[in-house]
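The values are calculated or read from the model by the stated rules, or taken from the named source; none is laboratory data. Since we're looking at a predicted model, the values are computed, not measured. Note that we place each Cβ from the backbone using ideal geometry, even for glycine, and neighbour counts take in every protein chain shown. Ligands, DNA and RNA are stripped out before the accessible areas are found, and what is left, the full protein with its side chains, is counted by its heavy atoms. Shrake-Rupley method; radii C 1.70, N 1.55, O 1.52, S 1.80 Å.
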Amino acid sequence: MQRAALHNLLRPSLGLLFVTSLLSQSTNPFQGSVPSGAASSTPLALTLDEAIEGGLKFNLGLLHSDTASQTARAERIIALSALLPQVTGSLAHTEEQLNLKTVGLNFPPNPILTVPTIVGPFGFSAAQANVSAKILDWSVFRNFKAAKASEEAARLSVQDARDLVTQAVASGYLLVIADSSRLDSIQAQVVTDEALYKRAFDQHNAGVAAGIDVLRAQVQLKTEQQQLLAQRNQLAKDKLALGRVIGLPPAQAFSIASTTPFTPLNDITQEEAIRLALSQRADYQSAKKQVQAAREALGAARAEWYPTVDLNGFYGDTGPTLANSHGVFTITGALNFNIFNGGRIHGDIEKARAALKQRFDDLADLGAEVEVQVRNAFLDLQSAADQVAVARDNLDLANQTLDQARDRFTAGVTDNIEVVQAQSSVAAANDNLISALYAHNLAKVSLARSLGLADQQIKKFIEVK
């Protein structure tokens with residue numbers, strides 16, 4: 001029971017709170033994916049690189065980001081179209097009959113010449129090309145520049161989504177490794193408990209051990225078996241969650257083909273990491289582009305006061321038939337300017353100015369957040385590295401204590417209370433070491449995400465075998 005309590009306390013420290021918030025099914029599309037096909041009957045041996053590659057292909061959050069980027073590109077094309085000439089063509093034939101009285105032609109009676117008031121029916125055909133173009137419209141031009149900056153921001157957001165997917169996949173993969181290590185540790189403890197239970201049972205039958213020793217050993221064995229069942233279930237659930245992130249069919253069986261030995265990180269200093277993060281983090285660069293887009297939008301709002309020059313016209317052939325027609329055309333140039341608009345332009349300017357301030361504030365906040373994330377990652381790296389060293393020493397000491405307790409119990413010097421306590425200490429030490437190793441690698445993943453280009457950084461930071 002002590003081990004169960006310790007295990008429950010340790011799991012949040014392994015980064016599960018982060019993984020849970022990052023992969024929340026109800027709110028975050030990065031938890032889901034588009035399955036890559038039907039499940040195979042052959043289990044897969046999944047490496048970390050293969051898992052990341054699958055996430056970058058099939059993760060739903062990344063697919064949504066791609067769609068948003070395509071939408072931003074479409075908005076840029078629409079904004080550009082407003083600057084380009086609009087050309088349409090028409091081919092028409094008209095049949096018409098007119099009542100001249102409706103247009104004010106009411107001829108007096110004439111005994112010599114009767115003028116009809118009904119004309120037609122008659123027909124004519126027309127083929128023409130129509131052109132409208134903005135010769136000068138600074139507001140439309142600035143809106144195009146804003147749309148172009150927004151498109152670039154959306155493209156950078158796709159790279160940021162790739163970093164999030166890489167972080168989620170690597171975190172889930174490391175969690176499965178930690179689960180597998182803990183399962184192996186509990187299985188080893190179960191084997192040890194079975195041997196100790198058998199020894200206590202044999203000694204009791206030989207009359208050299210009390211019945212309470214047998215019961216105590218049996219309780220310890222059952223406790224470990226219960227932990228084994230719970231851990232096996234947790235491993236299966238975490239593998240399902242990892243499969244969802246990378247696009248595996250839910251029924252697809254797979255195993256982890258890589259391990260992550262402990263390797264300290266000494267290649268980069270904290271200040272270098274902060275500078276690198278601010279220069280290459282996709283979300284930070286995207287925020288800069290959003291500031292640029294907001295600045296252009298403010299310029300577009302101010303430019304609504306500027307005069308505009310438009311050109312409209314058409315050229316075509318008109319006649320009773322196209323074979324009996326003549327060219328016709330109209331060209332109109334216009335200078336347009338605002339005189340009074342009821343404060344609409346002023347409202348547009350204030351709205352754009354508020355949006356620009358918000359973008360500036362978001363950029364400043366994100367810059368501070370990036371630095372905090374890098375510093376947190378370094379703190380976690382150092383703390384986890386220290387914990388690994390302490391946990392290894394503690395595991396060695398716990399194993400020595402267990403060996404001595406076994407010897408004392410076998411010699412009849414003491415009962416098996418010491419053995420049970422020593423077993424719990426070994427189990428706790430194993431959990432601590434697994435937790436520390438996982439926390440150290442998870443801190444590397446967080447640092448890779450903090451620096452940007454996470455899929456490239458993880459290959460540098462995390463050594464797999």
Requested in this report: Working carefully through the options Ala92, Ala127, Ala82, find the one that is modelled with pLDDT of 90 or more and within 30 Å of Gln292 (Cα to Cα).
Outcome: Ala82
Requested in this report: Could you please tell me which pairs satisfy a Cβ distance under 6 Å, a separation of 6+ or placement on different chains, a first residue in region 60-89 that is on the phi < 0 side of the Ramachandran plot and outside any helix (DSSP H, G or I), and a second residue that is surrounded by 13 or more Cβ atoms within 10 Å (Cβ to Cβ) and among the polar types (S, T, N, Q)?
Outcome: Gln86/Ser132; Thr88/Asn130
Query raised in the report: Out of region 196-219, which residues are open to solvent by 50 Å² or more (accessible area, probe 1.4 Å) and within 50 Å of the chain's Cα centre (by Cα)?
Result: Gln218, Val219
**Report entry** Close pairs from region 428-445: first surrounded by 23 or more Cβ atoms within 10 Å (Cβ to Cβ), partner among the acidic types (Asp, Glu), Cβ under 6 Å, at least 6 apart
**Finding:** Ala443/Asp380
Report summary line: Of the residues in region 398-427, those that are free of Cβ contacts under 8 Å to residues at least 12 places away in the same chain and acidic (Asp, Glu) number 2
Report summary line: All conditions in (1) in a helix (DSSP H, G or I); (2) farther than 29 Å from Asn441 by Cα; (3) of a type outside the set (D, E, K, R) are true of Val208 except (1)
Requested in this report: Could you give me the residue pairs with C-beta distances under 7 Å whose first residue belongs to region 254-270 and is over 30 Å from Ala38 (Cα atoms), whose second residue is modelled with pLDDT of 85 or more and open to solvent by 50 Å² or more (accessible area, probe 1.4 Å) wherever it lies, and which are 6+ apart or on separate chains?
Outcome: Gln270/Arg375
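Given the criteria under 24 Å from the mean Cα position of the chain (by Cα), aliphatic (A, V, I, L, M) and either in a strand (DSSP E or B) or within 30 Å of Ser383 (Cβ to Cβ) (or both), does Ile274 qualify? Even if it seems obvious, please write down each step before you answer.
On the way: under 24 Å from the mean Cα position of the chain (by Cα): yes; aliphatic (A, V, I, L, M): yes; either in a strand (DSSP E or B) or within 30 Å of Ser383 (Cβ to Cβ) (or both): yes.
Here the answer is yes, as Ile274 does meet what is asked.
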Query raised in the report: Does Leu363 qualify as being surrounded by 14 or more Cβ atoms within 10 Å (Cβ to Cβ) and assigned to a helix (DSSP H, G or I)?
Result: yes
Query raised in the report: Among the residues of region 448-456, is any more than 22 Å from Gln387 (Cβ to Cβ), open to solvent by 10 Å² or more (accessible area, probe 1.4 Å), of a type in the set (D, E, K, R) and assigned to a helix (DSSP H, G or I)?
Result: yes
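Quick check: anything in region 277-298 free of Cβ contacts under 8 Å to residues at least 40 places away in the same chain, farther than 22 Å from Ala355 by Cα, open to solvent by 40 Å² or more (accessible area, probe 1.4 Å) and assigned to a helix (DSSP H, G or I)? So that I can check it myself, show each step before the final result.
If we filter region 277-298 for residues that are free of Cβ contacts under 8 Å to residues at least 40 places away in the same chain, which is where we start, we get 279.
Okay, now just the ones that are also farther than 22 Å from Ala355 by Cα, so 279.
Cutting the leftovers down to open to solvent by 40 Å² or more (accessible area, probe 1.4 Å) gives us 279.
Next cut, assigned to a helix (DSSP H, G or I) only: 279.
Within region 277-298 (the criterion being free of Cβ contacts under 8 Å to residues at least 40 places away in the same chain, farther than 22 Å from Ala355 by Cα, open to solvent by 40 Å² or more (accessible area, probe 1.4 Å) and assigned to a helix (DSSP H, G or I)), the answer is yes, since at least one residue qualifies.
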Query raised in the report: Pairs, please: C-beta under 7 Å, at least 6 apart or cross-chain, first residue at pLDDT below 90 and in region 217-231, second open to solvent by 60 Å² or more (accessible area, probe 1.4 Å)?
Result: Ala217/Tyr197
**Report entry** Unique residue being small (Gly, Ala, Ser), open to solvent by 70 Å² or more (accessible area, probe 1.4 Å), at pLDDT below 90 and part of a helix (DSSP H, G or I) when the list is Ser26, Ser41, Ser21
**Finding:** Ser21
Report summary line: The condition of being surrounded by 12 or more Cβ atoms within 10 Å (Cβ to Cβ), modelled with pLDDT of 95 or more, of a type outside the set (Gly, Ala, Ser) and in a helix (DSSP H, G or I) holds, among Gln404, Gln358, Gln421, only for Gln358
Query raised in the report: Right, Leu335: surrounded by 14 or more Cβ atoms within 10 Å (Cβ to Cβ), in contact (Cβ under 8 Å) with a residue 12 or more places away in the chain, assigned to a strand (DSSP E or B) and among the aliphatic types (A, V, I, L, M) or not?
Result: no
Query raised in the report: Identify, please: which residue in region 175-195 is free of Cβ contacts under 8 Å to residues at least 12 places away in the same chain and open to solvent by 70 Å² or more (accessible area, probe 1.4 Å) and is, among those, farthest from Arg408 (Cα to Cα)?
Result: Asp184
Report summary line: Over region 80-112, the set of residues more than 30 Å from Phe141 (Cβ to Cβ), open to solvent by 60 Å² or more (accessible area, probe 1.4 Å) and within 57 Å of the chain's Cα centre (by Cα) is Leu91, His93
Query raised in the report: How many residues, within region 220-248, are open to solvent by less than 60 Å² (accessible area, probe 1.4 Å) and either under 20 Å from the mean Cα position of the chain (by Cα) or of a type in the set (D, E, K, R) (or both)?
Result: 10
